[in-house]
Amino acid sequence: MSDFEKNIKDALADPKNQGEMTDADSVGTVGSPDCGDMMRMWLKFSEKDGKRVIDRASFQAFGCQTAIAVASIATELLKGKTAEEAKNLSAQDLAGDLGTLPPMKIHCGQLVEGALRNALDPSETTTTETKPSLIGDINSRKSSGLRIVPLEQ
Ligand code: FES
């Protein structure tokens, strides 16, 4: 097992900040054209030293283990950052200490980056009232015929 794989395994053993954030200030959603996986990220801002910074971030994912591990690391790493600082973070930056994303996994990190950018872009941002959760959003698309049913753990 490579160091990267071990770091992914460790991150997945205790993933941080999973789930809908009901009091979020913004939410962003993306789907990967490469694999069809989806990610949603919620952000809550607060004032600190006269600056508006990210207080909390959370995510929901229909994605691979790498995307979930990166999202877990990223949602921790975003705390205390301004929107401008967060916008400048690449997929690799968001992966933090996981290590260099292998070429086949770069798009997994970009899924997290995309959800973050979507949440930070006011023109793309919607409130949590209109998008309650990723599962709810997908299940509400009756025309697709697709229904996601979480498995019992
Ligand atoms: Fe789809 Fe990783 S394989 S996000």
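Restricting region 43-74 to residues that are out of contact with any helix residue (DSSP H, G or I) (no Cβ under 7 Å at 6 or more places or on another chain) and open to solvent by less than 50 Å² (accessible area, probe 1.4 Å) leaves a set whose member that is farthest from the ligand (Cβ to nearest atom) is Ser46. Does Lys16 satisfy being charged (D, E, K, R) and more than 13 Å from the chain's Cα centre (by Cα)? No.
Take the conditions (1) open to solvent by less than 20 Å² (accessible area, probe 1.4 Å); (2) hydrophobic (A, V, I, L, M, F, W, C); (3) touching a helix residue (DSSP H, G or I) at 6+ places or on another chain (Cβ under 9 Å); Met38 misses just one of them, which is (1).
Yes or no, residue by residue, for (1) part of a helix (DSSP H, G or I); (2) surrounded by fewer than 16 Cβ atoms within 10 Å (Cβ to Cβ); (3) at pLDDT 95 or above:
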{"residue": "Glu76", "(1), (2), (3)": "yes, yes, yes"}
{"residue": "Glu85", "(1), (2), (3)": "yes, yes, yes"}
{"residue": "Thr100", "(1), (2), (3)": "no, yes, yes"}
{"residue": "Glu113", "(1), (2), (3)": "yes, no, yes"}
{"residue": "Leu116", "(1), (2), (3)": "yes, no, yes"}
{"residue": "Ala119", "(1), (2), (3)": "yes, no, yes"}
{"residue": "Pro122", "(1), (2), (3)": "no, yes, no"}
{"residue": "Thr128", "(1), (2), (3)": "no, no, no"}
{"residue": "Asn139", "(1), (2), (3)": "yes, yes, no"}
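Screening Gly36 against (1) at pLDDT below 95; (2) in a strand (DSSP E or B) leaves a single unmet condition, (2).
Count of region 87-119 residues, restricted to those that are out of contact with any Leu (no Cβ under 6 Å at 6 or more places or on another chain), β-branched (Val, Ile, Thr) and within 13 Å of the ligand (Cβ to nearest atom), is 1.
Would you confirm whether or not region 3-25 contains a residue that is surrounded by 19 or more Cβ atoms within 10 Å (Cβ to Cβ) and assigned to a strand (DSSP E or B)? No: region 3-25 contains no residue that is surrounded by 19 or more Cβ atoms within 10 Å (Cβ to Cβ) and assigned to a strand (DSSP E or B).
The values are calculated or read from the model by the stated rules, or taken from the named source; none is laboratory data. Everything numeric here is computed off the predicted structure, so don't read it as measured data. Glycine also receives a Cβ, built like all others from the backbone with ideal geometry; neighbour counts cover every protein chain displayed. Side chains included, ligands, DNA and RNA excluded: accessible areas come from the protein's heavy atoms. Shrake-Rupley method; radii C 1.70, N 1.55, O 1.52, S 1.80 Å.
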